[in-house]
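Data block below; observations after.
The values are calculated or read from the model by the stated rules, or taken from the named source; none is laboratory data. Everything numeric in this text was worked out from a predicted model, so none of it was measured. We place every Cβ from the backbone using ideal geometry, glycine too, and count neighbours over all the protein chains shown.
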Amino acid sequence: MTIANSDVMYRHLVQGVEDYAIYMLSPDGTVANWNAGAERTKGYAADEIVGQNFSCFYTPEDRASGLPQAGLARARDRGKFAAEGWRVRKDGTLFWASVVIDAIHGDSGELLGYAKITRDETERRMQEQQLLRAKEMTERYNAELGSLSSFLDAVISQIPSCVLVMDAVSRRIVLANRQVQAMFGVDRADMRGRTMQECLPEQACAFFERLCNDALRSDGAMREEEEELSTTLGPRSLRTKTLVFHNSDPRSRYVLLIADDVTDENAAHAQVRYMAHHDTLTGMPNRRLFREQMLKALNAASDGRGTAVLCLDLDNFKSVNDTLGHQFGDELLRLLAKRLPKVLREQDTLARLGGDEFAVVLPNIEQTEDVRRMAQRLVDAVRAPFEIDGHTVPVTVSIGIAVADTPECTADHLLRYADMALYEAKRNGRNGMAFFKPEMETTALKRHEMEMDLRQAIISQQLRLHYQPIKDASHVRTVGREALMRWQHPTKGLIMPNDFIPVAEETGLIHELSAFTLHEACREAMRWEPHETVAVNLSASQFANSALVSLVESALTTSGLPADRLELEITESVLLANSAANLSTLTRLKDMGVKVALDDFGTGYSSLSYLRSFEFDKIKIDKSFTQDVESSREALAIIRAINGIGRSLDIPTTAEGVETPAQLRRLTEEGCTHFQGYLLGRPVSHEPGATPPTST
Ligand code: C2E
Ligand code: CA
Ligand code: CA
């Protein structure tokens, strides 16, 4: 083969190559020839492109930046230049080209042009790009996963509970958080991969293992249990929840243990519970706990054993409080709270229901007699004097007792019955006890109704005053009138004071009643002759209230009635109870200029010493003597005695309840100075606007 032949063959070979674009450029970049690969790659036929500048294969941007010429210059300077980049086909589409440009020189070294080989590497490029992207994505994903796992780690270690995960199959710990480490003093990294026995303290291990086993045995639902464990922080109560779960592999099984330290929470709850069930002053059980104990005793009662409830009320606690101060009273209650339980059994509950009210529930009672004995022990325990701040305080207690002997008797019944019995005990004189009797319920009910009615009576002004004249020795001259209360009930009609005053005294309503009487009587008396007095009855229970003096003062001031025209009628019971304090109240009233009469004298104790202890302005002889003056020597003797004292102490005497002229004559002979009774005038109402009663 000749060289010329081989040249031709070579040209054919080059021109036939289809995978590579092979062509030559003149030194200025003009396309000189074109092979089949070039046509295939770039889309131009040889006659279209030969003679054109090769820069048309470049993108406008590359062209603008001078890339085509720069490539040629490189090839010229270095002999060869290789590059990759986007090139443009005839149809405007882009392809990724791998380009090699060789500078071709003549024998004398002059530049003849360039040989350019271009290959369409778009597909490879795409694959590479995809791979690159995939790699980037993987890296990003790994990075995210890494930060997610450290994030989860941080979350788990931030959970304030102990978190422990155990592989149910291998029984090894998979995860333990910081709290587990703090609680049991084991490094959490060391725990991973080990069994609980290998790393946890024995007691905790036994508890957790049991929980895990229980959880695995059961249906896998969340379970909760609490136990006190000894930990590095001391003994702590752990409330532990267990849950069985699996991950994406359904054959896997894990037990998740979450333990919370509830020691402080439990202590707080216990404190709240204690406070809810105990009285803060004495630390004794309160009403709520008392009720619970009562219910417990009633529920447990069996075979003939009963439950008894005792209601206790101190007889003179109020006066202790009033005279010695509340701190003193508080101390007394605290001492009682210490003393009383000593006479009770272990199973009995003594509670403070409020103020000076206490109650005891006695379960397991065989005989009523046992209850009486226990109540007596309480009475005796209270009676022993209390020493407080150098004072010896005598205190007594009244006790009401109810025994549940039928299963129908509820806690509410029992407490109510004991309360009714207490009321009875107080009525029978203090310092004693009373057992509940069914009649008490009807009485209590009536009393309650009456109380409600009476409250209403005050509000809707159903109370009126009637006035009964008091005459002097002339029998015709009215020197004053006694105000007597009447209750005009809308349905029950007229109710007399003996039927409602006792209820008012028991319930404390007497203070409101008396405020009305005093104000109304003084106001009314202002319409009378200036020498006429008005007598107002006071109850002994009103003296317990220190407001009595100011009440009298306000009645006088409001009405403008001179003090010496008001006569207060009291009975000797005022001097009997709490005499020192009551006596001082009486003195204060008398100092105001008000007159004080001793009412119903001759009944009750009628100790002559009362007449010496206070300077009464008048003695009223009870109508029982007046009415018997003619028939009974005893009555006459008493009247004589009273008049005798009156004369010697210079105190006038009024005979009450004079009904007949014979009585009037006899009493006048016996030396009574004043007279009051149906014979001389009945109690009558003075309607507003009516003419004042005449003095004759
Ligand atoms: P008291 O203070 O002994 O009043 C005299 C009572 O004898 C009055 O009864 C009067 O109506 C009645 N009486 C008057 N003359 C005769 C008579 O000739 N024969 C008979 N059989 N009775 C006569 P009253 O009004 O039913 O009052 C009863 C008691 O109620 C009073 O007894 C008094 O202790 C009390 N009371 C009345 N009003 C008040 C009041 O405003 N406050 C207080 N604390 N007690 C009052
Ligand atoms: Ca009276
Ligand atoms: Ca009287």
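The residue list 401, 459 contains one member that is among the β-branched types (Val, Ile, Thr), within 37 Å of the chain's Cα centre (by Cα) and surrounded by fewer than 16 Cβ atoms within 10 Å (Cβ to Cβ), which is 459. Only one of (1) in contact (Cβ under 8 Å) with a residue 60 or more places away in the chain; (2) crowded, with 17+ Cβ neighbours inside 10 Å; (3) over 23 Å from residue 461 (Cβ atoms) is not met by residue 529, so which one is it? If we test residue 529 against (1) in contact (Cβ under 8 Å) with a residue 60 or more places away in the chain; (2) crowded, with 17+ Cβ neighbours inside 10 Å; (3) over 23 Å from residue 461 (Cβ atoms), just (2) comes out false.
Within the stretch 542-599, if we keep just the residues that are at positive phi and free of Cβ contacts under 8 Å to residues at least 40 places away in the same chain, the residue that is farthest from ligand 3 (Cβ to nearest atom) turns out to be 560. The condition of being within 18 Å of residue 413 (Cα to Cα) and among the acidic types (Asp, Glu) holds for only one of 331, 357, that being 357.
In the stretch 217-227, is there at least one residue being in a helix (DSSP H, G or I), exposed (fewer than 15 other Cβ atoms within 10 Å of the Cβ) and in the same structural domain as residue 193 (by TED's automatic domain parsing)? Checked the stretch 217-227: at least one residue is in a helix (DSSP H, G or I), exposed (fewer than 15 other Cβ atoms within 10 Å of the Cβ) and in the same structural domain as residue 193 (by TED's automatic domain parsing).
With respect to (1) free of Cβ contacts under 8 Å to residues at least 24 places away in the same chain; (2) in a helix (DSSP H, G or I); (3) within 23 Å of residue 155 (Cβ to Cβ), the lone exception for residue 183 is condition (1).
Set side by side, the residues 582, 578 differ, and just one is away from ligand 1 (no atom under 16 Å from the Cβ), in the same structural domain as residue 637 (by TED's automatic domain parsing), more than 21 Å from residue 522 (Cβ to Cβ) and at pLDDT below 90, which is 578. Scanning the stretch 633-673 for residues that are modelled with pLDDT under 95 and small (Gly, Ala, Ser) returns 635, 637, 641, 644, 646, 648.
Cβ-Cβ distances below 8 Å connect the following pairs, each with a first residue in the stretch 36-59 that is in the same structural domain as residue 115 (by TED's automatic domain parsing) and closer than 17 Å to residue 26 by Cβ, a second residue that is assigned to a helix (DSSP H, G or I) and basic (Lys, Arg), and a separation of six or more residues or different chains: 49/42; 55/63; 57/42. Sub-8 Å Cβ pairs linking a first residue in the stretch 89-102 that is in contact (Cβ under 8 Å) with a residue 60 or more places away in the chain to a second residue that is hydrophobic (A, V, I, L, M, F, W, C) and part of a loop (DSSP other than H, G, I, E, B), at least 6 apart or interchain, number zero. All of 668, 654 fail the test of being of a type in the set (Ser, Thr, Tyr) and within 16 Å of ligand 2 (Cβ to nearest atom), apart from 654. Yes or no: residue 63 of a type in the set (Lys, Arg), out of contact with any strand residue (DSSP E or B) (no Cβ under 9 Å at 6 or more places or on another chain) and outside any loop (DSSP other than H, G, I, E, B)? In short, yes. Just checking, does the stretch 457-465 include any residue being within 30 Å of residue 679 (Cβ to Cβ), within 16 Å of ligand 2 (Cβ to nearest atom) and out of contact with any strand residue (DSSP E or B) (no Cβ under 7 Å at 6 or more places or on another chain)? Checked the stretch 457-465: no residue is within 30 Å of residue 679 (Cβ to Cβ), within 16 Å of ligand 2 (Cβ to nearest atom) and out of contact with any strand residue (DSSP E or B) (no Cβ under 7 Å at 6 or more places or on another chain). Got at least one residue in the stretch 114-126 being surrounded by 11 or more Cβ atoms within 10 Å (Cβ to Cβ) and either at pLDDT below 90 or in a loop (DSSP other than H, G, I, E, B) (or both)? Yes, the stretch 114-126 has at least one match.
Yes/no per residue for (1) within 40 Å of the chain's Cα centre (by Cα); (2) farther than 19 Å from residue 241 by Cβ:
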| position | (1), (2) |
| --- | --- |
| 123 | no, yes |
| 161 | yes, no |
| 175 | no, no |
| 185 | yes, yes |
| 199 | no, yes |
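Within the span defined as the stretch 487-507, every residue fails to be away from ligand 3 (no atom under 16 Å from the Cβ) and over 30 Å from residue 446 (Cβ atoms). Restricted to the stretch 432-445, and to residues there that are surrounded by 18 or more Cβ atoms within 10 Å (Cβ to Cβ) and not aromatic (Phe, Trp, Tyr), the residue that is farthest from residue 314 (Cα to Cα) is 440. Of the strands (runs of 3 or more DSSP E) entirely within the stretch 361-405, those holding at least 2 residues that are closer than 21 Å to residue 301 by Cβ occupy 397-404. You will find that of 260, 303, the residue that is over 30 Å from residue 384 (Cα atoms) and assigned to a loop (DSSP other than H, G, I, E, B) is 303 and no other. Within the span defined as the stretch 463-473, one or more residues are more than 10 Å from ligand 1 (Cβ to nearest atom) and touching a Phe, Trp or Tyr at 6+ places or on another chain (Cβ under 6 Å). In the set 535, 504, 521, only one residue is out of contact with any Cys (no Cβ under 6 Å at 6 or more places or on another chain), within 16 Å of ligand 2 (Cβ to nearest atom) and in a strand (DSSP E or B); that residue is 535. Looking across the stretch 545-561, the residues that are among the small types (Gly, Ala, Ser) and in a helix (DSSP H, G or I) come down to 550, 554, 555, 559.
Return yes or no: is residue 596 in the same structural domain as residue 544 (by TED's automatic domain parsing), surrounded by 18 or more Cβ atoms within 10 Å (Cβ to Cβ), at pLDDT below 95 and not charged (D, E, K, R)? Answer is no for this residue.
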